[in-house]
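Below is one structure, written out as structure tokens, with a few remarks after it.
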Amino acid sequence: MIADTAYIARRLQQLGDWDAALAVLGPDTDPELRAEIAVERWFFRWSGHAEAEQAVAALDQSTPAAHVLRARLAYSRLVFDRDPRPDDRAAAEAGYRDAVCDGDEPIRGWAEFHWGCLLDNVDGDADGAAPHFETALEIGLKHRDPALESIALRHLSAQREPEERIRMLRRSLNLRAALGVRPYIVAAQATLASELAEDDPERAELTELYSAAAEEMGIAWLLGGGTGKTEEFED
């Protein structure tokens with residue numbers, strides 16, 4: 001029964017229905033998955049921060065998963081300017097570093113990716129971030145993790161020439177579409193749209209699609225439509 005509940009919650013998470021996913025899990029089922037979903041809901045919707053923090057606090061704080069989730073909360077407060085705390089910058093980097101040191105290789109890949117986002121989006125250090133994204137991509141390819149490959153490609157594309165950048169963004173979008181993860185598909189559509197020429201019909205079509213989906217899911221940083229703001233965040 002627990003396995004079935006976790007499966008249903010994961011599928012609801014992939015649809016961008018975080019409230020329903022958390023309701024299915026209940027307070028005592030699969031604490032790590034619950035914390036992951038609560039943190040992701042906060043990241044996309046800017047709602048439920050207290051619940052996310054409580055869910056992370058309920059985990060064994062020595063685990064790599066707890067390191068990453070604590071760091072992601074600190075990072076998101078900084079990058080979205082949502083009541084950031086004085087120690088958020090240091091706490092985020094420490095969490096990612098601990099996960100890199102303590103986790104197995106797949107977890108290390110995700111920690112490297114998030115660490116790169118911190119350097120790029122908070123510090124403005126694109127050169128320092130690039131090796132972390134490259135490592136994340138290598139691990140994603142090695143372990144056949146299309147989600148990690150997709151998100152690493154999306155961030156590495158910013159440092160490529162326009163033609164190569166578009167190619168990488170299209171692959172990123174296609175990988176997410178194959179996985180069926182709606183929030184990340186929508187983010188990829190917005191990023192690709194922002195890189196296309198203003199008179200490109202595909203840009204208008206993508207904007208129409210992602211704007212409607214973002215409104216449905218309540219994705220806070222996409223609700224303006226057509227802003228291309230995903231370039232600032234870890235989508």
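Can Ala178 be described as outside any loop (DSSP other than H, G, I, E, B) and either open to solvent by less than 50 Å² (accessible area, probe 1.4 Å) or under 27 Å from Leu73 (Cα atoms) (or both)?
Details: outside any loop (DSSP other than H, G, I, E, B): yes; either open to solvent by less than 50 Å² (accessible area, probe 1.4 Å) or under 27 Å from Leu73 (Cα atoms) (or both): no.
Answer is no for this residue.
Can you tell me which residue within the range 27-47, out of those that are touching a residue at least 24 places away in the same chain (Cβ under 8 Å) and part of a loop (DSSP other than H, G, I, E, B), is farthest from the chain's Cα centre (by Cα)?
Checked the range 27-47; the qualifying residue farthest from the chain's Cα centre (by Cα) is Thr29.
Do we have Gly16 as small (Gly, Ala, Ser), touching a residue at least 12 places away in the same chain (Cβ under 8 Å), surrounded by 14 or more Cβ atoms within 10 Å (Cβ to Cβ) and not in a helix (DSSP H, G or I) here?
Details: small (Gly, Ala, Ser): yes; touching a residue at least 12 places away in the same chain (Cβ under 8 Å): yes; surrounded by 14 or more Cβ atoms within 10 Å (Cβ to Cβ): yes; not in a helix (DSSP H, G or I): yes.
It is true that Gly16 is small (Gly, Ala, Ser), touching a residue at least 12 places away in the same chain (Cβ under 8 Å), surrounded by 14 or more Cβ atoms within 10 Å (Cβ to Cβ) and not in a helix (DSSP H, G or I).
If you go through the range 213-225, how many residues are at pLDDT 95 or above and either open to solvent by less than 60 Å² (accessible area, probe 1.4 Å) or farther than 14 Å from Gly16 by Cβ (or both)?
Total satisfying the criteria: 5.
Looking only at the range 95-119, which residues are farther than 19 Å from Asp145 by Cα and open to solvent by 40 Å² or more (accessible area, probe 1.4 Å)?
Residues satisfying the conditions are Arg97, Asp98, Cys101, Asp102.
The values are calculated or read from the model by the stated rules, or taken from the named source; none is laboratory data. As the structure is a computational prediction, the values presented were derived from the model and not from experiment. Here Cβ is always computed from backbone atoms with ideal geometry, including for glycine, and neighbour counts include all displayed protein chains. Ligands, DNA and RNA are stripped out before the accessible areas are found, and what is left, the full protein with its side chains, is counted by its heavy atoms. Shrake-Rupley method; radii C 1.70, N 1.55, O 1.52, S 1.80 Å.
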